[in-house]
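The values are calculated or read from the model by the stated rules, or taken from the named source; none is laboratory data. Computed from a prediction, not measured in an experiment: that's the story for all the values here. Neighbour counts run over all protein chains shown; Cβ positions are idealised from the backbone, glycine included. Note: areas computed on protein heavy atoms with side chains; ligands, DNA, RNA excluded. Shrake-Rupley method; radii C 1.70, N 1.55, O 1.52, S 1.80 Å.
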Amino acid sequence: TLGTQTDYRDGEAQTDPYSPEYIVRSGSVPELLMLATLTWGRGLPAGQEEMEVIDRIREKRAWEAALPAMDSPSNIAKRLKMMEEMERKEWAFREQEIEKLQKARLEVLKKMLQRQEDNQTKLNAKRLYDHWQNHQKAKEEKIKKIQHDCALMLRKLIARRKNVMGKLERRDIIKEYTEFSSETYAPLSRIGFFPDNNSDCYVVKNFYLNTFAGLCELESSLPDSLRQIKIKAPKPKCTTTETGFIKRSARLEADLAQVHQALLEKKNKVKEPKKPIHFIEEVEKPVPKPHTLILEKPSIEEEETELAVICLQKLLRGRALQNMMFEGKEKRLDLIQELRTTHALQEDGQLLLKAEEQMILALQQQHESHMHKLSSMERDLATAEGRTLANILDFLSKELVRLQEERKVHALVMLAERQRRMREAEEGGRRQEEERRRQEEDEIFRQAREGDYWGCGQTIDTYLEDIILSSMERTAEEQAREEVQRRAVEINDIAYEMESRLTCLQSEEIVAELVYNFLIPEAEKSSMRERVRQSQRKHIYAAHQIIQGVTE
């Protein structure tokens with residue numbers, strides 16, 4: 001009831017073109033109504049094939065208008081001749097269409113077979129590649145096992161060679177702690193010790209400590225009191241007290257200085273030459289040495305206990321020295337930092353800092369490039385895996401749909417084949433019945449005419465003979481029908497058993513053979529029968545005219 005104006009074309013909002021209602025005047029047949037069966041998407045818009053069909057319809061209408069009337073025998077003969085020629089043309093045109101359809105179907109079948117062969121080739125290649133990959137994995141695992149067994153046997157041989165005589169050796173704890181390659185410092189994982197392989201995840205990565213820029217920023221954020229350390233010169237120690245007594249530490253230092261001076265003098269003293277002997281000196285006999293004490297040999301347990309105590313003492317002394325060094329370092333940490341800063345301010349230190357900065361930047365860039373490569377590689381691998389999985393799933397879904405459609409088509413083909421057999425049987429029975437009736441009528445007509453000459457006796461014999469022959473034919477027909485039904489049941493059972501064993505390719509070949517061996521020969525048979533019927537029609541028509549004239 002309302003009209004609107006839009007900015008869009010009608011083609012963007014309209015699905016099918018509008019077809020208005022029409023009224024045909026009485027007595028007129030518009031040519032346009034011949035195209036009423038064509039709809040949008042099914043013949044419209046008209047293409048080359050539709051134009052050819054329209055031209056043939058026009059030619060046929062012109063030919064029908066040019067047919068002579070059936071008012072004289074000459075016009076009838078001419079009309080029959082024109083009809084036969086038109087029928088031959090139509091059959092030739094239909095044969096051409098059948099050939100085109102056969103070629104198109106053949107091309108489609110070739111493409112389907114080629115596509116199926118390509119898919120099968122790809123599938124075989126993929127299966128072969130997977131099989132090869134599995135063999136390669138098994139081979140690598142076997143090689144790893146062989147290498148592991150070889151290393152194990154080598155270690156066993158080396159251990160046996162160290163102790164060929166089979167003597168038992170005591171454990172040397174001191175040697176184990178002095179050698180840093182021993183199992184005390186580096187225990188083996190095969191004896192039950194598993195070090196933390198992911199220890200890097202616990203390392204604290206700080207920007208202010210790991211980068212030069214972070215160190216500069218941290219240094220700039222510190223106050224001046226921490227960066228500029230003021231060192232006061234130490235005052236001389238006071239060796240005396242307020243009352244005038246010398247302190248114990250001062251006395252100890254003086255004694256140490258005297259001992260040091262005496263040792264230096266003794267070390268630097270020149271040896272005096274020996275004086276000649278002016279008179280005989282008495283040589284004193286040396287005091288006899290005391291007897292050497294002989295200690296009893298301790299037992300093995302006491303010796304092991306003593307060795308363990310000595311080892312424990314060494315460990316405790318070493319640990320005490322480490323603690324003393326660490327405490328001294330912590331106490332003088334400010335001085336160490338100051339010395340490092342002062343040294344860094346020199347030119348060599350600055351060059352070293354620049355070189356270190358460049359090295360750190362290069363390492364950072366290398367690490368970033370390596371991480372970028374790893375991320376891109378992982379992304380490409382994920383993309384390839386996703387594409388492969390998508391192709392596989394797509395192929396499987398299409399293969400499932402194809403199998404389902406193939407089963408449907410096979411079922412339809414079987415139903416059509418069964419229906420065709422039933423129709424052929426019905427048509428054969430109908431044709432036999434018509435032939436029998438025609439023969440009976442001809443025979444009745446012939447015997448009726450011959451009965452006028454030969455009499456009633458021969459007619460009765462002929463009638464009885466006909467009854468016997470008809471009963472024999474009926475019995476033979478029933479037996480033949482039963483035999484045909486039994487054979488059909490057996491053939492159906494065999495066909496169903498073969499169908500259960502067929503593969504996809506064999507089923508497609510059977511469908512193609514059915515199409516080429518049954519449908520096309522049947523069409524050719526029907527066309528040949530129609531030609532024979534058309535060729536016999538004129539003789540039958542003449543015979544009917546003669547019979548009608550004789551009967552009149």
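A compact table of results
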| quantity | calculated |
| --- | --- |
| Selected residue (criterion: farthest from P521 (Cα to Cα)) from residues of the range 406-439 that are touching a residue at least 40 places away in the same chain (Cβ under 8 Å) and among the hydrophobic types (A, V, I, L, M, F, W, C) | V409 |
| Residue in the range 143-163 that is least open to solvent (accessible area, probe 1.4 Å), counting only those that are farther than 30 Å from E306 by Cα and aliphatic (A, V, I, L, M) | A151 |
| Residue in the range 85-108 that is of a type in the set (S, T, N, Q) and under 29 Å from A512 (Cα atoms) present | yes |
| Residues satisfying the stated conditions in the range 117-142, i.e. open to solvent by less than 70 Å² (accessible area, probe 1.4 Å) and more than 30 Å from E509 (Cβ to Cβ) | Q133, Q136, A138 |
| Test result for I468, among the β-branched types (V, I, T) and modelled with pLDDT under 85 | no |
| Matching option when the condition is farther than 30 Å from Q545 by Cβ and either out of contact with any His (no Cβ under 8 Å at 6 or more places or on another chain) or in contact (Cβ under 8 Å) with a residue 40 or more places away in the chain (or both), among I76, I57 | I57 |
| Selection from the range 169-192 of residues that are in a loop (DSSP other than H, G, I, E, B) and either among the polar types (S, T, N, Q) or touching a Ser or Thr at 6+ places or on another chain (Cβ under 6 Å) (or both) | S181, S182, T184 |
| Residue that is open to solvent by 70 Å² or more (accessible area, probe 1.4 Å), modelled with pLDDT of 85 or more, in a helix (DSSP H, G or I) and more than 30 Å from H544 (Cβ to Cβ), where the choices are V413, V401 | V401 |
| Residue count for the range 363-398, restricted to those that are among the acidic types (D, E) and closer than 16 Å to N119 by Cβ | 1 |
| Residue within the range 74-81 that is at pLDDT 75 or above and surrounded by fewer than 10 Cβ atoms within 10 Å (Cβ to Cβ) present | yes |
| Condition met for A495 (assigned to a helix (DSSP H, G or I), modelled with pLDDT under 85 and of a type in the set (A, V, I, L, M, F, W, C)) | yes |
| Those residues of the range 383-406 which are small (G, A, S) and within 11 Å of the chain's Cα centre (by Cα), in sequence order | A384, G386, A390 |
| Options L106, L128: the member that is among the hydrophobic types (A, V, I, L, M, F, W, C), in a helix (DSSP H, G or I) and within 25 Å of L393 (Cβ to Cβ) | L128 |
| Selection from the range 19-38 of residues that are outside any loop (DSSP other than H, G, I, E, B) and open to solvent by less than 100 Å² (accessible area, probe 1.4 Å) | E31, L33, M34, L35 |
| Failed item, numbered, when P68 is tested on (1) more than 27 Å from E522 (Cα to Cα); (2) part of a helix (DSSP H, G or I) | (2) |
| Selection within the range 47-65 - surrounded by 13 or more Cβ atoms within 10 Å (Cβ to Cβ) and part of a loop (DSSP other than H, G, I, E, B) | none |
| Residue match in the range 38-53 (condition: within 27 Å of V532 (Cα to Cα), free of Cβ contacts under 8 Å to residues at least 60 places away in the same chain and not acidic (D, E)) | no |
